[in-house]
Every structure is written in structure tokens, then in C-alpha cells.
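One structure is given here, and the rest of the page talks about it.
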Amino acid sequence: QLQASGGGTVQAGGSLRLSCVVSGTTFSMVTIGWYRQAPGKERELVANIANGRNPNYADSVSGRFTISKDNAKKMVYLQMNDLEPEDTAVYYCYLRAWSAADKYWGQGTLVTVSS
């Protein structure tokens, strides 16, 4: 189970930090991260991270967003700086075990960036 939080409304140029806590599953040998879905658009990968691997970012957020995780707390974070109206979307945390193709999803948290 994944539980995301931290969304809200912010003006362009502002910052938000999303959090996602994982329960009921292992936190090792997994890739964990964030997707987002804007109105009328497909869900897209924002960033992900895994033990022993460099973080991966979408080009549109590289340099503005930072993903991190706390293995002891089984949490993943997305620090979003210099937000743009185009970042407005529902953000979903996800987890995928390295041995599986299926993803587990959190419930989504809405981020709204006003111009």
C-alpha cells in the first residue's frame, strides 16, 4: 500500500514537497517514484529511484525536482522547486519490484500551480 501526501496550490516559482509512505511490501530491490497526470493528458513518469542506481527524471522537471527516499522509514519524497503552471497535475507515487512488471500505485495528490 502506498499513501501520498503533500499536494496543494502554489504560485508559479514556488515549491512543494510530496511524500509517499509504503507499507505491506518490501522496500528493497524495488524502483519507486512518481508519475503525474494532467487534465486531458496521459500519465507520465516524473522521476524514479532505486537502491544503487542514479535517479531518473523527466526532461521537463530535470534541475527543478529532486527525488529521494528514506529506506528506514519506507518513504519516498519529491521536492519540487520553481514550479510552473505546466506542472499542474495529479501526482501518483508508485512502486515496482525488480522481479515483476506490475506497478503498485498510491491514491494521487493534486498539485495546482497558478500563474
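The values are calculated or read from the model by the stated rules, or taken from the named source; none is laboratory data. Predicted model, so just to flag it, every value in this text is computed and none were measured. Neighbour counts are summed over all protein chains in view; Cβ atoms, including those assigned to glycine, are modelled from backbone coordinates with ideal geometry. Heads up: the accessible areas ignore ligands, DNA and RNA and are worked out on the full protein's heavy atoms, side chains in. Shrake-Rupley method; radii C 1.70, N 1.55, O 1.52, S 1.80 Å.
Starting from segment 15-115, pick out the chymotrypsin sites (Phe, Trp or Tyr not before Pro) whose DSSP state is loop and whose Cβ has at most 15 other Cβ atoms within 10 Å. Walk me through the numbers on the way to the answer.
Numbers: sites: 27, 34, 35, 57, 65, 77, 91, 92, 94, 98, 104, 105; in loops: 27, 98.
Loop-located and lightly packed - 98.
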From the backbone phi of segment 49-54, what are the Karplus-calculated ³J(HN,Hα) couplings (6.51 cos²θ - 1.76 cosθ + 1.60, θ = phi - 60°) in whole Hz, Gly and Pro given as x? 8, 8, 4, x, 10, 5
Over all directions, what mean area does the Cα convex hull of the chain project, stated in square nanometres? 6.8 nm²
If you keep only loop residues by DSSP, which GluC sites (Glu not before Pro) in segment 3-109 have at most 14 other Cβ atoms within 10 Å of their Cβ? 42
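Tell me the per residue accessible area of the chain using a 1.4 Å probe; a whole number in Å² is fine. Don't skip to the end; give the middle numbers.
On the way: 6100 Å² over 115 residues.
For the chain, the solvent-accessible area averages 53 Å² per residue.
For residue 25 and residue 86, FRET efficiency with R0 = 35 Å and r from the beta-carbon atoms, rounded to 0.05? Spell out each step's value before the answer.
Numbers: r = 32 Å, r/R0 = 0.93.
It comes to 0.60.
Per the Kirkwood formula on distinct C-alpha pairs, the Rh of segment 66-115 is how many angstrom? Could you put the intermediate results ahead of the total?
On the way: mean 1/r = 0.0781 Å⁻¹.
The Cα-based Kirkwood calculation yields 12.8 Å.
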Order by accessible surface, 1.4 Å probe, largest leading, for residues 102, 70 comes to 102, 70
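Could you work out the relative contact order of the chain? I mean the mean sequence separation of Cα pairs under 8 Å and 6+ apart, divided by the number of residues, in percent.
Relative contact order here is 37 percent.
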Förster radius 35 Å - calculated FRET efficiency between residue 12 and residue 107 (Cβ-Cβ, nearest 0.05): 0.85
For segment 95-104, in residue order, the Karplus 3J(HN,Hα) values (coefficients 6.51, -1.76, 1.60; θ = phi - 60°; whole Hz; Gly and Pro = x) are 9, 9, 5, 4, 8, 9, 9, 6, 10, 9
Cut-off 13 Å, label point 7 angstrom out along Cα-to-Cβ of residue 41: give me the residues of segment 57-85 whose amide nitrogen falls inside. 58-62, 84-85
Return the loop-located trypsin sites (Lys or Arg not before Pro) in segment 47-115 (DSSP other than H, G, I, E, B) with at most 14 other Cβ atoms within 10 Å of their own Cβ; answer none if there are none. 53, 73
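Sequence gap at least 6, Cα distance under 8 Å: using those rules, report the relative contact order of segment 1-67 to the nearest whole percent.
Values: 77 pairs, mean separation 14.2, N = 67.
Relative contact order here is 21 percent.
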In whole Hz, with x marking every Gly and Pro, tabulate ³J(HN,Hα) for segment 107-115 from phi via Karplus 6.51 cos²θ - 1.76 cosθ + 1.60, θ = phi - 60°. 7, x, 9, 8, 10, 10, 10, 9, 8
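Hey, any idea what % of the chain's accessible area is carbon plus sulfur with a 1.4 Å probe?
On the way: 2840 of 6100 Å².
The nonpolar share, carbon plus sulfur, comes to 47 percent.
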If you take every residue apart from residue 35 with its C-beta less than 12 Å away from the C-beta of residue 35, what net charge results, scoring Lys and Arg +1 and Asp and Glu -1? +3
